[in-house]
Amino acid sequence: MPFSSLSDLKSQLDAGETTAVELAQRYLDRIDAHNGELNAFVDVDHKHIIDQAKASDAHRAKHGARPLEGLPIAVKDIFCTQDGPTTCCSNILKGFHAPYDAHVITRLKNAGAILVGKTNMDEFAMGSSTETSAFGPCRNPWDVERIPGGSSGGSASAVAGGLVPAALGTDTGGSIRQPAAVCGITGLKPTYGRVSRRGIIAFASSLDQAGPMTRTVRDTAMISAILCGHDSGDSTSVVNAPEIDWLAACDSVDMKGLKIGKPKEYFVDGMDAGVRAAVEAALAKCVELGAEIVDISLPHTKYAVAAYYVIAPSEASANLSRYDGVRFGKRCENPQDLVDMYTRSRDEGFGSEVKRRILTGTFALSSGYYDAYYLKAQQVRTLIRQDFLDAFEKVDIIATPTSPIPAFKIGEKTDDPITMYLSDIFTIALNLAGLPGMSQPCGFVEDLPVGLQWIAPAWREDVLLSAASAYEGATDWTTKAPAAFGGES
Amino acid sequence: MDIDVHKVAMLSRIRLTDDEAAHLGPQLSNILGYIEQLSEVNTEGVVPTAHPHDVAMPQRVDAVTNANRRDALQAVAPNTESGLYVVPKVIE
């Protein structure tokens, strides 16, 4: 049961073999048994969860089932929820209760989902390891000495450990795909503009996008179908975005004639040999299934991390200026004057990675440096986008490793920001280009999961889902779960 | 690259202790050193990205849609009085 897919649970509910209350209780028991070790959840309200499940069972009996009726889904602590605290795992928001639900939370509720709590994350989503959380590090169920990736590490750890069947994450530079990869689950980052950002605590507004983290490809489609759609409350939510049939895309699994681009810049010296071998084997499997591998080049790839570490911190420095101790969040004790209140509240409230990024961004935007940093980075971003547009003239989809390395040990990289930033080397470029991307499990290196990343043209999540479904159907990676948590590896 | 970390900290409205400044200063220089590689790229005539897609900004009906939720919104504030946010004295 703990490792059932959302689709299987839905079938069981629809067949009357179980109830929302029974499911909620079973996952709450899993959380009670294992969260102490994983630290995947930072807030779980048992009574509220059971109340939601009771209401869902009643709704099913009286009005029939909505698309996600009775299905337990966890959400990253970056989503504003009226029920319970929302902290972004930062001390500056400790005790904050959002006065409204994020748009996607409303969509999940209206679809009948049971929200089972808030998951751990890097503070303000700034990190690749979920070690910068104010609630302490989260752990990877495949090896609890190792990181679950980040920043949506709590969501990945919870799904991989069988504490919940599915979760929401957000992805600014890889924060859904990289943790999904190193925890051996499936994660989808939709095209920028498909999912409303309203009520998602902002990190870098031109990059942030929410998406599902699940056990199977079909489960990502089930949730995406609910999350996506225009919201007039978010000016970056695109109107009249090309619509796709999310579930039908998972049934269209013929790889014959599919042209898969293999960018040479994503298969480089320095990446883990086992990761490379697993991804090469996955591509060989795709060839067996009828796909054609086309060698391509995305020549500006090597500049993606540098451009990202100008653009994301710059936007973050502006977004995080709202934490000033006036309208919400922490205010320091006995402020002497206004500047003292700002500077001490922010010093006491923010952790060191958040400070590093605010300082980097403030510097990049400061007088005399704007052209050399921010403007230059946005020009390089255009070249990175153009690389992808050129590549998609030749191929239908691009395949790469998600992360150059498997999960590393907790504490291994905390003192060296640049090495940590390079964990996202393969995930960042598509955020800059606004493209959809997906990670799915494709093997193991010394018992640690490896992720295969798919990248599609803008608005073509259907291409991602079809390719990923075909690969998933021809392999058995999604049946693997960590033995220490009751799974079969 | 050497940067005046105290000046940037003040622009960011973050107090830094001397210990923090000693630690963060070299880290910031390393990060900016890494970013420096962008200067290798020829970007002459390249239009900077303003939005990842070529889309027009959506418009909505010019009508009031928000209810008055002042009390709920101010319930999370550190200090309010009569519907106003209270802050330390700004002018002596």
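Of note, A:Asp390 satisfies the criterion of being within 30 Å of A:Leu258 (Cβ to Cβ) and open to solvent by 50 Å² or more (accessible area, probe 1.4 Å). Specify the residue that is modelled with the lowest pLDDT; the eligible residues are those in region B:1-20 that are within 9 Å of chain A (Cβ to nearest Cβ) and part of a loop (DSSP other than H, G, I, E, B). The extreme case among them is B:Ile3. Annotation note: of B:Asn30, B:Asn42, the sole residue that is open to solvent by 90 Å² or more (accessible area, probe 1.4 Å), at the interface with chain A (Cβ under 8 Å from one of its Cβ atoms) and of a type in the set (S, T, N, Q) is B:Asn30.
The helices (runs of 4 or more DSSP H) located wholly in region A:245-327 that include 2 or more residues which are polar (S, T, N, Q) and in contact with a Phe, Trp or Tyr (Cβ under 8 Å, 6 or more places away or on another chain) occupy A:304-319. Return the only residue of A:Lys409, A:Lys413, A:Lys355 being out of contact with any Asp or Glu (no Cβ under 8 Å at 6 or more places or on another chain) and not polar (S, T, N, Q). Testing whether each residue is out of contact with any Asp or Glu (no Cβ under 8 Å at 6 or more places or on another chain) and not polar (S, T, N, Q) leaves just A:Lys413.
Among the residues of region A:327-341, which ones are open to solvent by 20 Å² or more (accessible area, probe 1.4 Å) and either closer than 22 Å to B:Leu28 by Cα or among the hydrophobic types (A, V, I, L, M, F, W, C) (or both)? Correct list: A:Phe328, A:Leu338, A:Val339. Scanning region A:258-279 for residues that are open to solvent by less than 60 Å² (accessible area, probe 1.4 Å), of a type outside the set (A, V, I, L, M, F, W, C), closer than 20 Å to A:Thr301 by Cα and out of contact with any Lys or Arg (no Cβ under 9 Å at 6 or more places or on another chain) yields A:Lys262, A:Pro263, A:Tyr266, A:Asp272.
Of the set (1) facing chain B (nearest Cβ under 9 Å); (2) at positive phi; (3) open to solvent by 50 Å² or more (accessible area, probe 1.4 Å); (4) not charged (D, E, K, R), all apply to A:Gly368 but (1). Is it fair to say B:His23 is surrounded by 13 or more Cβ atoms within 10 Å (Cβ to Cβ), within 30 Å of A:Asn240 (Cβ to Cβ) and modelled with pLDDT under 95? Criteria not met by B:His23.
Residues that are outside any helix (DSSP H, G or I) and under 25 Å from the mean Cα position of the chain (by Cα) were ranked within region A:3-42; the one that is surrounded by the fewest Cβ atoms within 10 Å (Cβ to Cβ) is A:Ser4.
When you go through A:Asp219, A:Asp245, A:Asp171 one by one, which is the residue that is more than 28 Å from A:Tyr27 (Cα to Cα) and out of contact with any Cys (no Cβ under 7 Å at 6 or more places or on another chain)?
So the residue among A:Asp219, A:Asp245, A:Asp171 that is more than 28 Å from A:Tyr27 (Cα to Cα) and out of contact with any Cys (no Cβ under 7 Å at 6 or more places or on another chain) is A:Asp245.
The residues of region A:86-98 that are open to solvent by 10 Å² or more (accessible area, probe 1.4 Å) and in a helix (DSSP H, G or I) amount to a single one, A:Asn91. If you check A:Asp101, A:Asp83 for being part of a loop (DSSP other than H, G, I, E, B), charged (D, E, K, R), over 23 Å from A:Ser345 (Cβ atoms) and open to solvent by less than 40 Å² (accessible area, probe 1.4 Å), only one passes: A:Asp101. Look at B:Ala67 and say whether it is open to solvent by less than 90 Å² (accessible area, probe 1.4 Å), more than 8 Å from chain A (Cβ to nearest Cβ) and closer than 25 Å to A:Ser196 by Cβ. For B:Ala67, the condition - open to solvent by less than 90 Å² (accessible area, probe 1.4 Å), more than 8 Å from chain A (Cβ to nearest Cβ) and closer than 25 Å to A:Ser196 by Cβ - is met. Taken residue by residue, region A:386-393 has at least one member that is at pLDDT 95 or above and either at positive phi or within 10 Å of chain B (Cβ to nearest Cβ) (or both). Of all residues in region A:284-308, those that are surrounded by fewer than 18 Cβ atoms within 10 Å (Cβ to Cβ) and out of contact with any Gly (no Cβ under 6 Å at 6 or more places or on another chain) total 12.
The values are calculated or read from the model by the stated rules, or taken from the named source; none is laboratory data. Just so you know, these numbers come straight off a predicted model, no measurement behind them. A quick note on method: Cβ atoms are made from the backbone with ideal geometry, for glycine too, and the neighbour counts reach across all protein chains shown. Protein only, heavy atoms only, side chains kept; ligands, DNA and RNA dropped before computing areas. Shrake-Rupley method; radii C 1.70, N 1.55, O 1.52, S 1.80 Å.
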